[in-house]
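Note sheet for the following structure.
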Amino acid sequence: MWGRSVAEASHAVFLSYASQDAEAAQRICEALRAGGIEVFLDQTELRGGDAWDQKIRHEIHDCALFIPVVSQHTQERLEGYFRHEWNLAIERTHHMAENKAFLVPVVVDGTPEHDPSVPEKFRELQWTHLPAGETPPAFVTRIQKLLSGQSGSVPTMARRSAAVTPRRSSRLVPAVLAAVLVAVAAYLLVEKPWMARPTPPAKVPTTSDTPAFAPPPHSIAVLPFVNMSGDKEQEYFSDGLSEELLNDLARINELRVAARTSAFSFRGKDIDIGTIARKLNVGAVLEGSVRRSAHTVRVTAQLINAVTGFHMWSQSYDRDLGDVLKLQTDVAQAVSNALKVTLLGDVPSKIEVGGTRNPAAYDAYLRAASGYWRVHNASDLMQVIDGYREAVRLDPHFAAAFAELSFSLSAYAQFAGPAVLDWKHQARDPALKAIELAPDLAEGHMALAALLADSLDFKGATEEYERALALAPGNARVSKNYGAFAVSMGHTETGLTALRRSVALDPLNWSVHEDLIEALRLARRYEEALAAYRDALSHLPDNANFQWSSGLVYYALGDYQRVRSLCESKLREGNAEEPWEGCLAIVYHKLGRPADAEAWMEKNKARWGDAGAVGYATCYAQWADTSKALVWLEKGLRLRDVDLQSLKVEPLLDPLRKEPRFHAVERELKFPD
């Protein structure tokens, strides 16, 4: 295919339609051909496959006009092959040297032009109404004029047409060639992973002078599947199933899977696949739809190569609800095969570990999982806990539900106040149960590791975190939690490696950026921390959640006025739940305002009581009040304050490190070597 000249066009017009609109599309095609216009109209049953994808891409690349046929059928079918054709056409417009007419949407029924299921690029244009495909001579004349360039808004691209044969503008050829070469190179890098990967050039000669998009091999994002059940209340099911497919793929070590927070951030946004892939740095995108009935589920999935725009694979599955676990395995294996991944080990055993075949238990689990991402208060979280409890009641062998129940109970401890230890205790049993039922389920080990770390059992926590990471190296949540803990234990390089992997997998999740910034601060690598802060802002420019960690970095660098301004502004915004009061207690003292510092310290104590013991010790250490700092540090040890986890590496405690009483506390905590 690529041996042909770019100037050789196959057809003047590419007509794209849903299979249900075949008769209407045929009428349009016949009218255009009667006017001497060559039209590409696919009437075969062949869909997908490398050969077919290359044929479609070639035709769309070389046609002069692309006519998408819009109808209620294209509204309803978000997974049809015509959607792939539409995406390729829209992608082509990004490489066109001038904003000339290329897309000519027609609608064959009463579909409104503002319908959100239609790509934004089409909605920006004026549609032609051809009811049932009946095509008047005026439309044919319009297309002839567009092809001949008389309208002043058509690209003068060569084609083999009996009607008109204008010559392509020579200044377009280098730009189109460059775009083709970049696409071919990207295709080879992603589709042929066994080939040696050349060192990319510093500059790629595209029209925009931007680097070629070259994501890691075998990288993929799973977008939230569309709920086609006709009931918005069923959205939890389509969301949950999408998340489960994402987690299943992440269990395959040979794949690199964008994490849930980042992948789901595009929900409801009219953003093309190429843009999403670039933001997530993935080479493929899995999307689809879910239609659930009383006892069955229909899942349609399609995989798109985000570099070339090729439709790589699609499949529909009709299963009983009790067979959803096997469905997830089948989809994951099909995706792996489409990405040409050489699978190592027993994939079904990895994917199905800890799952359930009880439809009611699975439903309760998905409801709870969906609710977890919408938690705003203790009441919301209790509903999530009740959902997971219902799941394990219905299936006492559902290990994944036990693990998530443990996470949720631990999270509830943040709302529990004085009862926090009781909630932590409740969280321990489901974590242990998850491990008992499914020793190879990483989430069970991670849940237990977090509980052991909070109880200051650092040796046990290290073992469990390492086990979780070994089982799920591609899981962003595992990498994030393990990395932050490892750095606090003094295992800096190992921890930073894991955190950077987490950022790569979840670039649009503010919390992974915050953990990396904080870890670099604890490692005393302040310039790197500021670089990580700037990188976080480049991904999430409107997010202010990194400011606490970055404020401490500026404090370490001696920029006290910047820290003061930051803390004061956050308090004015009403962020009372954040540690801004303690921030002012520290920085006011550095700025020679001891009375103001004391006032804020008292407010801090009034808010947190003895639960803030280690925080008070940190403040007093920075005030050079060693005696009070050690008193509060020892109280924190008696109370088993979770903030003692970072005692070994916290720079703010450096003024105490030569004190024998500090050494005694450190020995009592038994940090691993």
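The values are calculated or read from the model by the stated rules, or taken from the named source; none is laboratory data. All values reported here derive from a predicted model rather than from experimental measurement. Note that each Cβ is placed from the backbone with ideal geometry, even for glycine, and that neighbours are counted across all protein chains shown.
At least 1 residues being buried (at least 24 other Cβ atoms within 10 Å of the Cβ) and of a type outside the set (A, V, I, L, M) is the threshold, and among the helices (runs of 4 or more DSSP H) wholly inside region 492-545 those reaching it are 492-505, 510-522.
Checked against the criterion of being of a type in the set (Asp, Glu) and modelled with pLDDT under 90, the candidates ASP506, ASP542, ASP515, ASP559 yield just one match: ASP542. Of all residues in region 635-647, those satisfying the criterion of being assigned to a loop (DSSP other than H, G, I, E, B) and closer than 14 Å to THR618 by Cβ are ASP641, LEU647. Considering only region 231-260, state which residues are part of a loop (DSSP other than H, G, I, E, B) and free of Cβ contacts under 8 Å to residues at least 40 places away in the same chain. Selection gives ASP231 alone.
Scanning region 419-439 for residues that are at pLDDT below 95 and either aromatic (Phe, Trp, Tyr) or not in a helix (DSSP H, G or I) (or both) gives a single hit, TRP423. Summed over region 35-58, residues that are assigned to a helix (DSSP H, G or I) and either surrounded by fewer than 19 Cβ atoms within 10 Å (Cβ to Cβ) or modelled with pLDDT under 70 (or both) total 6.
Listed here are the residues, each with its yes/no results for (1) within 28 Å of the chain's Cα centre (by Cα); (2) on the phi < 0 side of the Ramachandran plot.
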| position | (1), (2) |
| --- | --- |
| PHE407 | yes, yes |
| ARG428 | no, yes |
| ALA434 | yes, yes |
| ASP440 | yes, yes |
| LEU451 | yes, yes |
| GLY490 | no, no |
| THR494 | yes, yes |
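Checked against the criterion of being in contact with a helix residue (DSSP H, G or I) (Cβ under 7 Å, 6 or more places away or on another chain), in a loop (DSSP other than H, G, I, E, B) and surrounded by fewer than 21 Cβ atoms within 10 Å (Cβ to Cβ), the candidates HIS376, HIS397 yield just one match: HIS397. Among what's in region 210-226 and is surrounded by fewer than 20 Cβ atoms within 10 Å (Cβ to Cβ) and either of a type in the set (S, T, N, Q) or assigned to a strand (DSSP E or B) (or both), pick the residue that is modelled with the highest pLDDT. Per the stated criteria, the residue is VAL226. In this structure, does LEU245 turn out to be out of contact with any Lys or Arg (no Cβ under 7 Å at 6 or more places or on another chain) and either basic (Lys, Arg) or at pLDDT 85 or above (or both)? Here the answer is yes, as LEU245 does meet what is asked. Report yes if some residue within region 576-588 is loosely packed, with under 15 Cβ neighbours inside 10 Å and modelled with pLDDT of 95 or more; otherwise report no. No: region 576-588 contains no residue that is loosely packed, with under 15 Cβ neighbours inside 10 Å and modelled with pLDDT of 95 or more. Taken across region 320-342, residues that are in a strand (DSSP E or B), over 22 Å from the mean Cα position of the chain (by Cα) and surrounded by fewer than 20 Cβ atoms within 10 Å (Cβ to Cβ) do occur, with at least one present. Scanning region 353-376 for residues that are of a type outside the set (A, V, I, L, M) and either over 24 Å from the mean Cα position of the chain (by Cα) or in the same structural domain as LYS326 (by TED's automatic domain parsing) (or both) gives THR356, ARG357, ASN358, PRO359. Within region 525-551, residues that are charged (D, E, K, R) reach partners that are part of a helix (DSSP H, G or I) and crowded, with 17+ Cβ neighbours inside 10 Å with beta carbons closer than 7 Å, at six or more positions or on different chains, in the pairs GLU528/LEU520.
Against the list (1) in a helix (DSSP H, G or I); (2) modelled with pLDDT of 85 or more, the condition LEU15 fails is (1).
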